[in-house]
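The values are calculated or read from the model by the stated rules, or taken from the named source; none is laboratory data. Worth saying up front: this structure is predicted, and the values here are computed from it rather than measured. Remember, those area values only see protein heavy atoms, side chains included, never the ligands or the DNA or RNA. Shrake-Rupley method; radii C 1.70, N 1.55, O 1.52, S 1.80 Å.
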Amino acid sequence: MKIIVLVKQVPDSTEIRVDKVTGTLIRAGVPSIINPDDLAGVEEALKIKETTPDVKVTVVSMGPPQAKDMLKELYARGVDECVLISDRAFAGADTCATSSTLAAAIEKIGYDFIIAGRQAIDGDTAQVGPQTAERLNIPQVTYVDQFIKVTEDKLTVRKSLEETEEIIEVKLPCLLTTLSGMNTPRYMNCNDIVDSFSKEVKVMTFADLDIPKEKVGLAGSPTKVHKTFTKDVTAETETYDLPAEEAAKLIAKTLKEKQIITK
C-alpha cells in the first residue's frame, strides 16, 4: 500500500509581519516550519505503516529548493520517500494552479490514498486538498480527526464538524484532509537523523509532468491578490445588546454605509 502525504513549508505564523507599504508578508528573518495540519497527516501515515504490512509513506511537497531541508526532517521522522516539486514555472501559483501541479505529479508517482492537511496557516483556504482530489477524480473526506480502520480497499474515518461527528467509510483510492489536533507528531530519533543526511530528495520539475504550461504558476492562477492590509485596532468601540433580527438589520445598514455591499 502506498500512502502519499502532501506537506507544505510555511512561515511561522507567530512571527509574521506585514509590510504596510506593499501589503505583502515580510518573510525575511522569519523561520519556516512544517504546516501543522500536514504534520498530523504525516504522523497518521507513519502510525498506519507501523500496524499495516507493506506500507510505503511518500511525502510530496511543492515549493522552492530550500524546502529540501524540511523534507530531510521528515526522513528523520520515519517516512520512506520524499519528493519535491520545484521549478520557476510554478512560481506565483494559487490553489487552482497548485492543485493542477500536485495532481499531475501524484499521477506520475502512483498511490493508494492521499493525506493532506486541512489547510495551510499561511493561506487558510483549505482548498488545495479538495481541489487535488477533484482533479484526480477520486472521493474525498475532509476534516478527519481519526483513522478508525484501514484495509486494502477502504478506510473508515471520523470526520469532525462544528457540533457533531460523522463516521465515514470510503473506498480507495481517495484523499483525506487531517486536523492538527488529531495526534501528537513523534520526535525524530538519532538513527533516522543520521540516515536522513544520506537519503535523496527526489526533485520533479515542469519537464517531468505532463501538464500544459498555461495550467501552472501565474498563468494557471485565476486568483489575483490586489491588496492585503492589517486592520488598525483602537479602543473606540460601540457595544450593542440587541435581539437577533435587530442586530441583523444594524449589520446590513452598517455594511451598506461602508460600501462593502451594494444593491
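Database remark: amide H of Cys82 closer than 5 angstrom to the amide H of Val59, Lys202 (H placed geometrically; neighbours at sequence offset of 5 or more, or on other chains; Pro and chain starts carry no H). As a fraction of the 1.4 Å probe accessible area of region 53-198, surface on carbon and sulfur atoms comes out at 46 percent. Using the alpha carbons alone, the radius of gyration of region 64-194 stands to its Kirkwood radius in an Rg to Rh ratio of 0.97. Each residue of region 169-180 was assigned a 3J(HN,Hα) from its phi angle through the Karplus curve 6.51 cos²θ - 1.76 cosθ + 1.60 (θ = phi - 60°); the sequence is 10, 10, 7, 7, x, 7, 10, 10, 10, 10, 9, 5 Hz, with glycine and proline shown as x.
Among DSSP beta bridges lying fully in region 132-263, give the percent that are antiparallel, nearest 5. Close to 80 percent.
In the full protein context, region 85-233 carries 60 Å² of accessible surface per residue, based on a 1.4 Å probe and ignoring ligands, DNA and RNA. Over every Cα atom in region 40-132, the radius of gyration and the widest Cα-Cα span, Dmax, amount to 13.4, 40 Å. DSSP assigns beta bridges within the chain; of those with both partners inside it, close to 40 percent run antiparallel.
Distance distribution note for region 144-190: the fraction of Cα pairs above 16 angstrom is 46%. Given the chain, report the % of alpha carbon pairs whose separation exceeds 32 Å. Summing the P(r) of the chain above 32 Å gives 32 percent of all pairs.
For the chain, adding -39500 (n - 2.57) for each run of n ≥ 4 DSSP H residues and dividing by the number of residues yields -8500 deg cm²/dmol at 222 nm. Just tell me which aspartates and glutamates come within less than 15 Å, Cα to Cα, of Lys108; anything on the same chain fewer than 8 places away is out. Result set, ordered by chain and number: Glu81, Asp208, Asp210.
Using only Cα atoms and rounding to the nearest 10 degrees, what angle (0 to 90) does helix 244-257 make with the longest principal axis of the chain? That works out to roughly 80 degrees. Partners of Lys256 within straight-line reach, counting lysines whose Cα lies under 29 Å from its Cα and excluding those fewer than 8 residues away in the same chain: Lys20, Lys224, Lys227, Lys231. Relative contact order (percent) for the chain, with alpha-carbon contacts under 8 angstrom and 6 or more residues of separation? After rounding, I find 24 percent.
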